[in-house]
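What follows is calculated from the coordinates using simple rules that are stated; it is not laboratory data. Here the structure is a predicted model, which means the values were calculated and not measured. All Cβ positions, even for glycine, are placed from backbone atoms using ideal geometry, and neighbour counts span all protein chains on display.
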Amino acid sequence: MNWQFINDLQDIYSLLDEIGAQTAERDYPILWEKVHATSCAQIGRMLAEKRGVDVEWAALACALHDIGRWFSGRQNEHAPKGEEPVRAFLSQRADTKETKELIIKAVINHSKKEEIGSPLEEIVKDADILDCHWHGEDMTKPFHIARLRKALEDLNVQT
Ligand SMILES: [Fe+2]
């Protein structure tokens, strides 16, 4: 059992509980932020295993990708707003500087779904789209639909 990640999730849930106690108005409830962080991490692991990317970096990047929205409560510009809080979250960890920068960049760029980024960035974007799809969100933007189709194909779970 990888207790490191379970402990990371505990830190994430505790952080979200603290934030939830402070901010009243949010675009998404704290419960969704917890669910989405957790399920994106597992989807990220599947994609990482398939694509030869480090599975635990993928899980952590996926779990943290919406951290900007956790703090602001708002969807608007939440990806770039994640830079400072994700940097602070990772500062307590023993990963190399290079690994931390890859995760930070994946968080900052995850809303650029029409662009192709690093393999880790692409995993975060695809896990985000797949998780929203499986939670019943209707995709309307053509580049979201195209990314969803490709990610489903990649996992051999086309519908
Ligand atoms: Fe996001």
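In table form, for the structure just shown:
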quantity: Within the chain, helix-based [θ] at 222 nm, where runs of 4 or more DSSP H residues each add -39,500 (n - 2.57), nearest 500; calculated: -22000 deg cm²/dmol
quantity: P(r), alpha carbons of the range 1-112 - 5 Å bins starting at zero, rounded %; calculated: 2, 12, 23, 27, 21, 10, 4, 1, 0
quantity: The range 24-102: relative contact order as a whole-number percent, Cα under 8 Å and 6+ apart; calculated: 26 percent
quantity: Furthest towards positive pole of dipole, V53, N109, F143, structure part the range 3-154, Cβ charges; calculated: F143
quantity: Taking the C-alpha atoms of the range 1-42, convex hull volume expressed per residue in Å³; calculated: 54 Å³
quantity: The range 3-154, dipole about Cα centre (Lys/Arg Cβ +1, Asp/Glu Cβ -1), debye to the nearest 20; calculated: 220 debye
quantity: Signed unit charges on C-beta, dipole axis of the range 3-154, positive-most listed residue P119, P29, G68; calculated: P119
quantity: Extension gain, W32 back to E153 (0.36 nm per residue minus Cα-Cα distance, nm); calculated: 41.0 nm
quantity: Semi-axis lengths, Å, the range 61-147, gyration tensor of Cα atoms, sqrt of 5 times eigenvalues; calculated: 23, 15, 11
quantity: No Cys partner within the rule (Cβ under 4.7 Å), the chain; calculated: C132
quantity: Relative contact order, percent, the range 3-154 [alpha-carbon distance under 8 Å, six or more residues apart]; calculated: 21 percent
